[in-house]
Amino acid sequence: MSTSNRKNYSNVIKQSAVTISLNVSSTLISLIIQHLGFTEANIVVIYLLSVLITSRYTKGYVYGIVASVISILSFNFFFTIPLYTFKVEDKSYYFTFIVMLTSAVFTSALTSKLLHSKEMTDDREKQAHILYSLTSSLAKTSEILDVAKVSSKCLSNLLDCDVSCILANEKSYSSRIFSFKKGGFEVSDEEISRDDIGMIVKNHHSFPVNIRGRCISYICFPQGMDEMIGNNKFLFDSIVMQITIAMEREILIEEKENANTETQNERFKNNLLRSISHDFRTPLTRITGASEMLYHSLKDEENLKLVSEIYEDSRWLTKLVENVLSLTRIQEGRLALNIKKEAVEEIVAESIARASKYHPDHKVSINLPDEVLFVPMDGKLIEQVLINLVDNAIKHTTSQNEIIVSIWPEGDKVWFEVYNNGLGINENDLPNLFKMFYVGSNKIPDSRQGMGLGLSICKAIINYHGGEIYAENNEEGGATFRFYLKA
């Protein structure tokens, strides 16, 4: 026989004994007062009182009804003529029996209902006290580990049972478990492996704590609590909800603090980059200008080569500084657009001229539509995009390769394309090309290594214009970058 069945059997025997004992006591008292000369009305009242007391100290309607029937039979057997039989000679006693039974059943039902209402009220008060105590304790926690520890300790004290709280850590192979025995004795606060979590949850009545679709914790009660949990499902669901809210609050606070830290770090980084870039730009401009003047004035081949290298390096550094400044403006949301209709032919021609000025060996072709296209854009920024794309194509091609810039209208869009038949893009690099600071692996030997800002800045500028930019490898070799602007 299970523990639950044994408990129920014991309760039936106990309450049946109470019912019979009260009936026997009422009969004895009735015999005494009859001997003292009291009337049958007084005896009826005594039996009604015994039914009322039975209803008070037993659970349910059954025992009160059984007590009512036994009281009528006892009254008939001991106090109606003929005595000590269940026969009735005076028919008026039938009316007395009916009144007794009705009164006894009614009072029994009323008493049982009142007791049931009191039990429900007591249960609700106890549940409210448990939830209030748990909520008050959780309000004082400052991190998710404290929530787990306070939850297990508080529940162990309030429910007088063993309670464990497991924190499942997805970032490592170990998790934390906080266990408390009834009476408030702390058993453990230790790390456990992921394999142990399944075993513990299986051997306990466990409630998962889910936040944003993932389980971050388990509240574990002993298997012997199954009946209590089943009878108080609302209470335990409310407990788990309170713990979930507390853990989610701590997670949100931690995420907010991390976000604030990242924002401050990002702001510091941008300020530092902007300050350095501004400081570099002035001397670089002077170096570039001076080297260009020397290039046009010197005659010696060796000196010309040296000055040319100085000029190329200063120009590369200047472009790098401009990209860093553009990056800081984009990240801070200060990239101001001056949108107006621009002639596409002029923008493309200027971009190619600037990008290929110092690479005369590379051939750059242009394919333009017959009609003149005017597209709303910020001309300077779109020039920067095209310069970066053409410059990128030059870096990944040799003088024997071809670079083609094509423009064509399509519906409400105007497409810009930069094609080359050079090295192409490594397939592993394609998903990451437009990410900030990402540097591709394919490049021409001796070409200058960039910082991975050019393409990410291109993407940001095109997105600011409401367009999109794409990259793909060509079947015959090389790569194609294309983007569109709204016409």
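The values are calculated or read from the model by the stated rules, or taken from the named source; none is laboratory data. These numbers come from a predicted model, not from an experiment. Note: ideal-geometry Cβ built from the backbone for every residue, glycine included; neighbour counts use all protein chains shown. Keep in mind that these areas ignore ligands, DNA and RNA; they rest on the heavy atoms of the full protein, side chains included. Shrake-Rupley method; radii C 1.70, N 1.55, O 1.52, S 1.80 Å.
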Could you do me a favour and compute the accessible area per residue for the chain, 1.4 Å probe, result in Å²?
58
The chain, accessible surface, carbon-and-sulfur percent (1.4 angstrom probe):
57
Long-range amide H partners of Gly422, meaning residues 5 or more apart or on another chain whose placed amide H is closer than 5 Å, are Gly478, Ala479
Counting only residues 5 or more apart in sequence or on a different chain, those whose built amide H sits under 5 Å from that of Leu373 are Val344, Glu345
Pull up the cross-link candidates among the lysines for Lys140, meaning alpha carbon to alpha carbon under 27 Å and not fewer than 8 places away within one chain.
Lys126, Lys149, Lys153, Lys171, Lys181, Lys182, Lys233, Lys256
Taking 0.36 nm per residue of separation and subtracting the Cα-Cα distance, what length does fully extending Tyr94 through His129 add?
7.4 nm
Computed lengthening from Lys299 to Ile33, 0.36 nm per intervening residue step minus Cα-Cα distance
81.4 nm
Considering the dipole of the chain built from charges on the beta carbon (Lys and Arg +1, Asp and Glu -1) around the Cα centre, which of Asn463, Ile387, Val12 is farthest to its positive end?
Val12
What dipole magnitude, in Debye to the nearest 20, does the chain give about its Cα centre under +1 on Lys/Arg Cβ and -1 on Asp/Glu Cβ?
2480
Express in nm, to one decimal, how much length is gained between Ile13 and Ile253 on full extension, taking 0.36 nm for each residue of separation and deducting their alpha carbon distance.
80.8 nm
Scoring only Lys, Arg, Asp and Glu (+1, +1, -1, -1) among other residues with Cβ under 11 Å from the Cβ of Phe374 yields -2
Work out from phi, with θ = phi - 60° and the Karplus expression 6.51 cos²θ - 1.76 cosθ + 1.60, the ³J(HN,Hα) of each residue of segment 310-316, listed in order in whole Hz, and give x for Gly and Pro.
4, 5, 4, 5, 5, 5, 5
Could you work out how far helix 144-159 tilts from the main Cα principal axis of the chain, as a 0 to 90 degree angle to the nearest 10?
0
Residues listed by number, segment 45-60, amide nitrogen under 18 Å from Leu110 label point at 7 Å toward C-beta:
45-58, 60
For the chain, find the longest principal axis of its Cα atoms and tell me its angle to the long axis of helix 379-395, 0 to 90°, nearest 10.
80
Rounding to the nearest 10 and keeping the result within 0 to 90°, find how far the Cα-based axis of helix 92-139 lies from the longest principal axis of the chain.
30
Work out Dmax and Rg for the chain from the C-alpha atoms and quote the Rg first, both in angstrom.
44.9, 151
